[in-house]
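Have a look at the structure below, then the notes.
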Amino acid sequence: MRAMTQDLTNCTAIEIAALIRNRAISPVESTRFFLERIERIDPQLNAFISVTADKALARARDAEQQVMAGDGTELGPFHGVPIAIKELANVAGERSTGASGAFANRMAEEDDEGIARLFRAGAIMLGKTNSPEFGLNATTEDGIFPPTRNPWNTNHSAGGSSGGSGAALAARLVPFAEGSDGGGSIRIPASACGLVGLKPSRCRVPSAPHAGLIVEGFASSGPMARTVADAALGLDVMGGPAVGDPFRTELPAKSFSSAIGETLPKLRIAWTATSPTGPVDAEVAAAVERTRDALSDLGHELVEGFPEMSGLWPLWPTIANAFTASMDIENPDLLGPHARSSWDDGIGISARDYIRARNDVYTLTRRILVWFDDYDVLLCPTLTRPPVPLGELNKVGQEVWDLLAEYIPFTYWVNMTGQPGISLPLAWSQDGLPIGVQIVGRQLDERTLITLAAQLEQIFPWADRRPPVS
């Protein structure tokens with residue numbers, strides 16, 4: 001292979017895979033390039049909690065031999081592409097701490113299915129990325145690892161709970177990252193870090209083999225990327241049913257990647273820049289309104305509206321706290337303050353109250369899904385504000401839930417309904433901080449989201465914007 005001369009930070013995951021297939025670069029060169037960046041830049045961010053350099057280079061050498069063999073074997077779509085995996089995911093032979101002192105030495109015995117699919121597609125994991133403890137917060141700073149800082153301003157949060165993946169992507173330490181989203185945890189750091197974050201429909205990416213449903217099916221693994229095309233390819237690879245799925249979600253006849261460039265019919269799009277729980281920052285509202293106007297110019301019908309949410313938010317802490325309490329924690333004194341509060345509250349929830357909360361979730365979200373019968377998608381903010389300063393959300397117990405009710409009213413319910421949602425980096429504040437705009441689709445209709453997102457990417461291109469720490 002020819003010696004590598006180009007700066008891979010300007011390449012998407014798809015472009016790096018093409019360079020490798022065409023023998024313009026080797027998987028070993030690509031892997032070393034990004035490992036060097038992690039070593040040099042990540043101390044400013046704390047995006048990674050572990051770097052698996054030796055294993056990554058061994059995989060890269062194997063990938064290189066496959067490329068050089070030239071025996072006609074079809075290479076996977078991520079062949080040789082370096083990626084990051086969130087700490088909450090299971091990777092065989094790696095620590096799986098949940099960012100908690102209670103599981104500081106726990107080792108994963110097998111890969112989560114979505115992760116295994118990335119590996120089978122040829123991806124090379126460079127390390128695992130930071131998360132708040134058990135993913136319980138919208139900022140990545142309350143686990144056992146140092147706080148993750150935002151590459152756009154290191155005094156600000158990178159979001160959570162996939163904040164490590166978000167910071168690593170934005171700083172161009174990897175071209176693609178896996179995240180997971182139980183209340184916005186892919187879309188929140190995507191908004192905070194200026195990225196594309198796609199939360200799939202319920203069970204689109206299976207939770208096999210370690211769980212049937214995670215947090216009542218609210219949580220899902222999914223792709224985080226700098227471009228819509230990379231995110232769509234990630235969903236192509238990670239998505240699809242697995243044996244034993246509680247909700248069977250067959251893949252569409254066409255790939256998600258093929259949705260890019262398709263012609264959409266005239267859509268009926270609901271939009272809002274008003275939060276049901278408090279104020280929306282003026283710059284965030286302006287970003288939504290600018291996007292509304294662009295979609296109208298594309299010929300779609302825009303109608304101001306938002307589904308009824310009353311009674312839904314109080315159910316979320318009940319379900320989350322019960323989830324924490326369901327873990328086999330031998331010594332709760334090893335938990336951090338917020339996780340300990342969640343565990344204590346969860347232990348006190350009766351089976352009667354938990355089942356009622358679960359049933360109320362599905363009763364109340366049914367009316368949201370009925371509301372979507374009148375609309376193809378919903379356009380709204382991802383967060384009510386640009387990324388917050390570090391420390392602002394790093395609180396305990398009910399104080400955290402109250403703060404989150406004001407900060408993430410546009411994300412959590414999408415997990416409850418099981419709908420897909422995508423956050424796009426469509427604006428930046430006067431202070432240079434990213435602002436995400438969210439599009440929520442009907443259940444199992446990621447294709448419409450991807451087509452629409454790709455059109456907006458053409459109108460408001462963002463891929464060339466780089467944060468100061470990159």
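The values are calculated or read from the model by the stated rules, or taken from the named source; none is laboratory data. Quick caveat, the model's predicted, so the values are computed rather than measured. For neighbour counting, all protein chains shown are included, and Cβ atoms are generated from backbone atoms with ideal geometry for every residue, glycine included. Calculation scope for accessible area: heavy atoms of the full protein, side chains included, ligands and nucleic acids excluded. Shrake-Rupley method; radii C 1.70, N 1.55, O 1.52, S 1.80 Å.
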Quiz item: Quick one: how many residues across region 315-344 are in contact with a Gly (Cβ under 6 Å, 6 or more places away or on another chain), within 20 Å of A211 (Cβ to Cβ) and surrounded by fewer than 21 Cβ atoms within 10 Å (Cβ to Cβ)?
Solution: 1
Practice problem: For region 398-446, name all the residues that are within 20 Å of D373 (Cβ to Cβ) and open to solvent by 10 Å² or more (accessible area, probe 1.4 Å). | Solution: R442, Q443, L444, D445
Quiz prompt | Odd one out for I349 among (1) more than 26 Å from the chain's Cα centre (by Cα); (2) closer than 30 Å to L452 by Cα; (3) of a type in the set (A, V, I, L, M, F, W, C) | solution = (2)
Quiz item: With region 131-219 as the region, which strands (runs of 3 or more DSSP E) entirely inside it contain at least 2 residues that are in contact with a helix residue (DSSP H, G or I) (Cβ under 9 Å, 6 or more places away or on another chain) and either free of Cβ contacts under 8 Å to residues at least 40 places away in the same chain or farther than 19 Å from L235 by Cα (or both)?
Solution: 153-157
Quiz prompt | Top-ranked residue in region 60-94 [being charged (D, E, K, R) and under 25 Å from the mean Cα position of the chain (by Cα); ranked as surrounded by the fewest Cβ atoms within 10 Å (Cβ to Cβ)] | solution = E94
Quiz item: Only one residue in D245, D236 is of a type in the set (D, E, K, R), at pLDDT 95 or above and within 28 Å of E110 (Cα to Cα). Which one?
Solution: D236
Quiz item: Would a scan of region 121-134 turn up a residue that is of a type in the set (K, R) and surrounded by 24 or more Cβ atoms within 10 Å (Cβ to Cβ)?
Solution: yes
Exercise. Test each condition in (1) part of a loop (DSSP other than H, G, I, E, B); (2) within 12 Å of H210 (Cβ to Cβ) for G114 and report the one that comes out false.
Key: (1)
Quiz item: Does Q430 meet the test of being at pLDDT below 95, more than 19 Å from the chain's Cα centre (by Cα) and farther than 25 Å from P223 by Cβ?
Solution: no
Quiz item: S257 is checked against (1) under 25 Å from L8 (Cα atoms); (2) crowded, with 24+ Cβ neighbours inside 10 Å and fails just one. What number does that condition carry?
Solution: (2)
Quiz item: Within the set of pairs 6 or more residues apart or between chains, which connect a residue that is part of a loop (DSSP other than H, G, I, E, B) inside region 234-256 to a residue that is surrounded by fewer than 12 Cβ atoms within 10 Å (Cβ to Cβ) and among the acidic types (D, E) with Cβ atoms less than 9 Å apart?
Solution: G240/E250; P241/E250
Exercise. Report, ordered by the first and then the second residue, all pairs with beta carbons closer than 8 Å, sequence separation of six or more or different chains, a first member in region 14-34 that is within 24 Å of M224 (Cβ to Cβ), and a second member that is in a helix (DSSP H, G or I) and polar (S, T, N, Q).
Key: I16/S30; L19/S30; I20/S30
Exercise. Report, by residue number, each residue of region 208-218 that is closer than 18 Å to G418 by Cα and either open to solvent by 30 Å² or more (accessible area, probe 1.4 Å) or out of contact with any Asp or Glu (no Cβ under 7 Å at 6 or more places or on another chain) (or both).
Key: A211, G212, L213, I214, V215, E216, G217, F218
Quiz item: Do we find a residue being modelled with pLDDT of 95 or more and within 30 Å of P146 (Cβ to Cβ) anywhere in region 347-359?
Solution: yes
Quiz item: Restricted to region 273-314, and to residues that are closer than 11 Å to C380 by Cβ and polar (S, T, N, Q), which residue is surrounded by the most Cβ atoms within 10 Å (Cβ to Cβ)?
Solution: T291
Self-check item: Count - residues of region 260-272 that are surrounded by 18 or more Cβ atoms within 10 Å (Cβ to Cβ) and free of Cβ contacts under 8 Å to residues at least 24 places away in the same chain
Solution: 0
Quiz prompt | The listed residue being open to solvent by less than 50 Å² (accessible area, probe 1.4 Å), over 25 Å from L198 (Cα atoms) and hydrophobic (A, V, I, L, M, F, W, C), out of I349, I355 | solution = I349
